[in-house]
1. Suppose the filter is within 27 Å of A:W54 (Cβ to Cβ), in the same structural domain as A:I43 (by TED's automatic domain parsing), more than 13 Å from the chain's Cα centre (by Cα) and assigned to a helix (DSSP H, G or I); does A:T259 pass it?
2. Look through the range A:217-239, keep the residues that are in a helix (DSSP H, G or I) and more than 16 Å from A:A149 (Cα to Cα), and return whichever of them is farthest from the other protein chains (Cβ to nearest Cβ).
3. Filter the range A:189-216 down to residues that are among the small types (G, A, S) and within 11 Å of chain B (Cβ to nearest Cβ) and give me whichever is farthest from B:P227 (Cα to Cα).
4. Being modelled with pLDDT under 85, in the same structural domain as A:V84 (by TED's automatic domain parsing), over 30 Å from B:A246 (Cβ atoms) and surrounded by fewer than 22 Cβ atoms within 10 Å (Cβ to Cβ) narrows it down to one of A:P201, A:P205, A:P136, so name that one.
5. Of all residues in the range A:183-214, count the ones that are assigned to a helix (DSSP H, G or I) and free of Cβ contacts under 8 Å to residues at least 60 places away in the same chain.
6. Might you let me know whether the range B:218-228 holds any residue that is under 29 Å from B:A130 (Cα atoms), surrounded by 18 or more Cβ atoms within 10 Å (Cβ to Cβ) and among the small types (G, A, S)?
7. Quick check on the range B:58-67. Is at least one of its residues surrounded by 14 or more Cβ atoms within 10 Å (Cβ to Cβ), part of a helix (DSSP H, G or I), among the acidic types (D, E) and more than 10 Å from chain A (Cβ to nearest Cβ)?
Amino acid sequence: MMRSTRDPGLLLLYSIPLLFYGLTVLLPILGTLLLSFYRWDGIGGREWIGLANWGQLLRDEHFSHALKISFVFTLAAWVVQTPVALGLGIYFAQRGLFRQTAAVFAFLPLLFSSTAVGIIWLYMLDPNLGILYYIPPLRGLNPLSESFALATLALVTSWQYIPFHTLLYQAAYQGIPHELYEAASLDGAGEWDAFWHITLPLLRPTIITSSFIIVVGSLTYFDLIWVMTQGGPGYATTNLPVYLYRLAFQSQNVGYGATVGAFLALLALGLSWLLVGRSGVLGRRWS
Amino acid sequence: MKEAVASVMRKLAPFLVLGWVVLAAFPVYYIVVTSLKTQADYLKPPPWAFPEKWTLENYRAVLESGFLRYFSNSVWVATTVAIASVALSLLVAYGVVRSSSRVFRGGFYLFILGFAIPAQATVISLYTLARSVGLYDTLWAIILPLVGFAMPVTVIVFSNFLREIPPALFEAMAIEGAGHLTILRHLVLPLSLRAVLSMGLFNFIGAWNALLFPLILTQSPEVRVLPMAVWAFTGEFTINVPAVMAAVTLSALPLIVAYVFARREILNALRGGLV
């Protein structure tokens with residue numbers, strides 16, 4: 001083992017992918033941070049303005065609004081996806097003809113890109129030609145109007161990602177030794193107790209992993225929002241990624257857009273540390 | 001009382017699941033049926049009705065609008081991303097497992113860092129980089145960062161996998177004079193084939209579906225990939241919704257076909273090495 005510390009061949013093999021990674025990932029990360037100290041319209045010269053962009057973040061109400069949108073969106077996505085995926089995962093983890101057949105169709109949303117999902121629902125929810133007309137309580141509703149757009153996007157996102165989290169729970173539930181339930185049942189525990197005292201505690205690592213993916217995923221959600229609302233109406237569905245896109249590519253405010261990007265990177269890093277680093281779930285599994 | 005709730009839940013479960021199945025499958029039915037309608041049929045309610053006149057005209061319109069070009073662009077991008085990300089990540093994981101040196105461990109932490117930082121945060125810098133090295137508006141501008149951002153999770157999964165290989169096996173091959181490339185090819189690759197295929201497929205699907213990078217890093221129709229093309233169709237065929245649905249169906253077709261024939265493998269890959 002120790003010979004590899006001074007193994008030029010191994011070092012060379014290792015440095016090729018590391019160099020590639022440095023140029024395509026680390027450099028853009030550093031570049032984002034660096035750009036956040038400049039005023040730049042993307043065409044002319046850059047002007048070093050120190051922390052002025054960061055100061056502007058604190059006063060910018062579109063920014064605090066985008067942060068709020070990201071937060072509400074993440075919370076809504078978590079509240080909808082977690083219980084449904086948990087239930088479906090446990091259900092599909094067991095044998096049976098109906099379960100197996102239903103599972104084939106239950107995972108269908110996974111096969112579509114966010115772009116496709118956005119387009120499909122855009123037309124299905126069309127106020128004139130879509131399906132809502134046939135659901136009496138929702139008749140006449142415009143799901144992408146200012147008051148409903150965010151909720152609609154959270155529901156469509158959930159539609160897209162519930163199957164993925166179902167897969168996680170299904171695999172985790174299959175890993176629980178069956179004897180535990182038999183032993184509990186011999187001790188007189190019912191299904192209710194078994195769920196709360198065996199299933200849920202043993203699924204805890206998966207719940208944390210799945211929640212982590214939902215939180216970081218929703219924070220960085222762009223494709224579907226872009227296709228369905230482009231952040232509108234107004235700023236109603238502009239989360240942080242959409243906001244930085246609008247700043248840099250529509251308002252030519254490149255330096256400030258990069259500041260929002262750098263903030264997003266730091267936020268994701270902090271959340272990852274909170275959710276994963278400390279609980280050590282991914283640590284145990286992954287390192 | 002608690003057991004009564006549990007029992008009701010158990011009886012109710014199949015119906016709730018059936019509800020989800022309908023919700024999951026209906027949109028798929030909707031796009032396929034709509035794509036086979038004439039525009040006149042599309043305007044006739046209800047939206048889920050069979051077409052009065054079945055037609056493949058929409059598929060013809062989409063194929064004649066350069067769809068094959070976009071399709072082959074996507075095939076090229078996704079295939080290159082899948083192969084390059086897996087090959088590079090395997091080298092990293094091999095280095096991490098084979099060496100106890102600080103350099104390798106430090107490198108590994110860089111991938112953990114990259115795992116936590118979302119690609120979306122860096123797009124502005126990526127755009128300026130692509131401009132300055134002259135790659136803007138080429139397929140390479142999409143491929144290179146897609147490979148890079150696919151690496152962290154792939155490296156983490158591979159490292160776990162390679163740690164399961166007993167070090168004695170590496171040592172034995174090394175003593176017999178095998179170089180690293182030989183060990184990689186004849187020991188590591190065969191033993192980790194399942195993880196390699198799984199992560200390759202995972203990264204392929206990720207690249208196939210990506211919209212943000214192409215949106216920011218390309219603009220010409222010649223380098224359009226499928227998500228961009230499908231989105232562009234909604235603008236081109238504003239009133240021809242069946243044609244848009246034909247484009248959506250065609251763009252998802254490879255994955256749907258793969259799902260029909262290799263459901264287990266596809267679902268495994270989509271889990272992306274988790275669990």
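The values are calculated or read from the model by the stated rules, or taken from the named source; none is laboratory data. Keep in mind that what you see is a predicted model, and the values were worked out from it rather than measured. Reconstructed Cβ throughout: ideal geometry from the backbone, glycine too, with neighbour counts over all protein chains shown.
1. Judged against the criteria, A:T259 is a match.
2. Ranking the candidates gives A:G217 first.
3. Looking at residues that are among the small types (G, A, S) and within 11 Å of chain B (Cβ to nearest Cβ), I get A:A189.
4. A:P136
5. Count: 18.
6. No, the range B:218-228 contains no residue that is under 29 Å from B:A130 (Cα atoms), surrounded by 18 or more Cβ atoms within 10 Å (Cβ to Cβ) and among the small types (G, A, S).
7. Checked the range B:58-67: no residue is surrounded by 14 or more Cβ atoms within 10 Å (Cβ to Cβ), part of a helix (DSSP H, G or I), among the acidic types (D, E) and more than 10 Å from chain A (Cβ to nearest Cβ).
Residue-wise test of (1) surrounded by 23 or more Cβ atoms within 10 Å (Cβ to Cβ); (2) at negative phi; (3) more than 8 Å from chain A (Cβ to nearest Cβ).
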position: B:F213; (1), (2), (3): yes, yes, yes
position: B:I216; (1), (2), (3): no, yes, no
position: B:T238; (1), (2), (3): no, yes, yes
position: B:V244; (1), (2), (3): yes, yes, no
position: B:V248; (1), (2), (3): yes, yes, no
position: B:A262; (1), (2), (3): no, yes, yes
position: B:N268; (1), (2), (3): no, yes, yes
position: B:R271; (1), (2), (3): no, yes, no
